[in-house]
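Have a look at the structure below, then the notes.
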Amino acid sequence: MKLLIALALCAISVSAAAQDWVHLGRGGGIEHYADRQSISTDGKLVSAHVLEDYKKTRTARIPKTKERKKYKSSVILAHFDCKEEKWGFTEATDYSGNMGQGEAVARSKHRLMLETIDPGTVGALRLNFVCARAAR
């Protein structure tokens, strides 16, 4: 039993550093990445972790405590409809360090709402990368 608890804690503590981040581009002071190892298909949706690494530190307001915490990157569980060229997300975690490192200062869960992706945007870069890998 102790071994199972230890393994579970190790699995939970694996940070974004263990992922295989591929740089997709930059814009507006944000470097954009996708984790090629996290790409999976479920029905008509393709899911992947994407990372936003910020040039300038941002501030998150923690709803329960109203506390403010600084963060330098966010890891997002994104979902793509490759055929309809839409995307949405269901989870986001803000980290105190760059590239998903440091303390997870804020976590949020969201109901999936797909939005159309405009051509030439970061969303289009993400869609093209994730959908091309899912098709393999």
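What follows is calculated from the coordinates using simple rules that are stated; it is not laboratory data. Keep in mind the model is a prediction, meaning the values are calculated, not measured. Cβ sites come from the backbone with ideal geometry, for glycine too, and all protein chains shown count toward neighbours.
Which number do you get for Rg(Cα) / (2.2 N^0.38 Å) in the chain?
Numbers: Rg = 15.7 Å, N = 136, 2.2 N^0.38 = 14.2 Å.
Compactness ratio reported: 1.11.
Could you tell me how many degrees, from 0 to 90 and to the nearest 10, lie between the Cα long axis of helix 122-134 and the main elongation axis, the longest principal axis, of the Cα atoms of the chain?
Tilt of helix 122-134: around 90 degrees.
At each listed q (0.29 Å⁻¹), what is the log10 of I(q)/I(0) that the Debye formula gives for region 69-127 modelled as equal alpha-carbon point scatterers?
-1.04
Hey, what did the chain get for relative contact order, percent, Cα under 8 Å, at least 6 apart?
Details: 286 pairs, mean separation 27.8, N = 136.
Averaging sequence separation for qualifying contacts and normalising by length gives 20 percent for the chain.
Per residue, how big is the convex hull around the C-alpha atoms of region 59-99? Give it to me in cubic angstrom, could you? Intermediate results must be reported in sequence, preceding the final value.
Values: hull volume 3.3 nm³, N = 41.
Per residue, the Cα convex hull of region 59-99 comes to 80 Å³.
Give me the dipole magnitude in Debye, nearest 20, for the chain about the Cα centre, with unit charges on the beta carbon: positive for Lys and Arg, negative for Asp and Glu. Numbers along the way, then the final one.
Working: 22 positive and 15 negative charges, 107 e Å.
That gives a dipole near 520 debye.
Which angle between 0 and 90 degrees, to the nearest 10, do you get for helix 2-13 versus the longest principal axis of the chain when only C-alpha atoms count?
50 degrees
Rounded to the nearest 500, what is the chain's calculated 222 nm mean residue ellipticity when only DSSP H runs of at least 4 contribute -39500 (n - 2.57) each, over all residues? Please list the in-between numbers first.
Working: 2 runs with 25 residues, N = 136.
It lands at -6000 deg cm²/dmol.
Would you order Val50, Val122 from fewest to most other beta-carbon atoms within 10 Å of each residue's own beta-carbon? Before the final figure, lay out each step's value.
Numbers: Val50 26, Val122 18.
So the residues, fewest neighbours to most, are Val122, Val50.
Test of the criteria: in region 58-135, which GluC sites (Glu not before Pro) are in a DSSP loop and have at most 16 other Cβ atoms within 10 angstrom of their Cβ? Can you show the working numbers first?
Values: sites: Glu67, Glu84, Glu85, Glu91, Glu103, Glu115; in loops: Glu67, Glu84, Glu85, Glu103.
Sparse-neighbourhood loop GluC sites (Glu not before Pro): Glu67, Glu84, Glu103.
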